[in-house]
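Trainee: Once you've had a glance at the structure underneath, I'll fire off some questions.
The values are calculated or read from the model by the stated rules, or taken from the named source; none is laboratory data. A quick note: this is a predicted structure, and the numbers were derived from the prediction, not measured. Using ideal geometry, Cβ is built from the backbone for each residue, glycine included, and neighbour counts are taken over all protein chains shown.
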């Protein structure tokens, strides 16, 4: 006699949380959109999504519910939680896994207490910033949208600053990025400005209008993409110094100059040649060589990575010299998308907010004044620029994250670090495992110790 046993397979369900963003009032982005929730839920029934309530997220709770997610007050208990910006110290659950832009890899002191809290709770931390391919190129980023929004804001800033200086101008057509309903709407306004420049031309006092871009990555690419909607003539840094902008008619166009590392610095040792790899390995052997270009720039878009080991791009002392030398310097706006406090643009004393996005820095008194008024150079330094284009930036980010959500959620983090099955690009971004710094990030201990 045979007995048939009806064995019911029990599916191991993994809960994926999507956190509300609360670090900034105007932060409306999300890491995982309703469209991706629906797609992954359908393909992977073992993964369930819980989404924290939010009254400001660009995608409302009803869109997530329609996609199959559960709306909750807190998703901290989920197996893995995806956010965008840093999470509060009291948010983390024991042994939880959290994925967000942590801003700890430079030893940022303001985030060391958060990292310490995660270590005490034996958490896993995966940082989007370090999800890279085998050539070190970032795979998950908002950079293009930071560049796009930063350029929109900088053109808006130029228009408002010129207006404040008593010069009505075509750039007044451009608004702050966050006021547009879509990126296409913003682009349409910039195209209208371009049309006016072609047909009417720029006023003599503004010619030639030259914008410099530091870097050539995703951020710079986004900024240039927007700027290129104007009638642009691109020249090299050498051509800028040689007066190329004054050779031909310059009223019906704007100029673009892209600066690479070799244009920004030179070897400290006289007569030595610039070597890119040597610069990355030994930045202390190099000094600033960029400031010679600044008198020729109308706008400077700072779009490249920087840390304290590298020479600054623009110092307070140089700005003071510039404003003492010229009664009305050509430089009107700095769009500091990199946005490191007291960093590559030393006059950026702190990031600005979407609500108060600009300030005027007076190089003579070394004082910043919020808004468009005052003597000096205007600086736009919003540090959550992609959130000014929340729909498009979230959709793009979510698409880039698509192939990683399920592997991150289903990985067994109870195993030893070497035995965890994760895509290599994700494993390289695992900063904490069971509350311990992983081998690639052990150097962070020297920044963490003061907070122990």
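Trainee: Just checking, does the stretch 44-62 include any residue being modelled with pLDDT of 95 or more, out of contact with any strand residue (DSSP E or B) (no Cβ under 6 Å at 6 or more places or on another chain) and assigned to a helix (DSSP H, G or I)?
Mentor: yes
Table: residues versus (1) over 21 Å from the mean Cα position of the chain (by Cα); (2) part of a loop (DSSP other than H, G, I, E, B).
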position	(1), (2)
189	yes, no
224	no, no
245	yes, no
255	yes, no
266	yes, no
274	yes, yes
279	yes, no
290	yes, yes
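Trainee: Another question, if that's okay. Pairs under 7 Å by beta carbon, first residue not assigned by TED's automatic domain parsing to the domain that holds residue 98 in the stretch 405-421, partner surrounded by fewer than 10 Cβ atoms within 10 Å (Cβ to Cβ), six or more apart or different chains?
Mentor: Pairs found: none.
Trainee: Moving to a separate point now. Quick test of your reading of the structure: residue 76 fulfils all but one of (1) without any contact (Cβ under 8 Å) to a residue 40 or more places away in the chain; (2) surrounded by 15 or more Cβ atoms within 10 Å (Cβ to Cβ). Name the failing condition by number.
Mentor: Only one criterion in (1) without any contact (Cβ under 8 Å) to a residue 40 or more places away in the chain; (2) surrounded by 15 or more Cβ atoms within 10 Å (Cβ to Cβ) is unmet by residue 76, namely (1).
Trainee: Test of understanding: among 155, 115, 148, which residue is buried (at least 22 other Cβ atoms within 10 Å of the Cβ), outside the structural domain of residue 188 (by TED's automatic domain parsing), out of contact with any strand residue (DSSP E or B) (no Cβ under 7 Å at 6 or more places or on another chain) and assigned to a helix (DSSP H, G or I)?
Mentor: 115
Trainee: Among the residues of the stretch 382-392 satisfying the criterion of being over 14 Å from residue 156 (Cβ atoms) and either over 11 Å from the mean Cα position of the chain (by Cα) or without any contact (Cβ under 8 Å) to a residue 40 or more places away in the chain (or both), which is surrounded by the most Cβ atoms within 10 Å (Cβ to Cβ)?
Mentor: That would be 390.
Trainee: Also: Out of the stretch 218-231, which residues are surrounded by fewer than 19 Cβ atoms within 10 Å (Cβ to Cβ) and under 11 Å from residue 258 (Cβ atoms)?
Mentor: Selection gives 221 alone.
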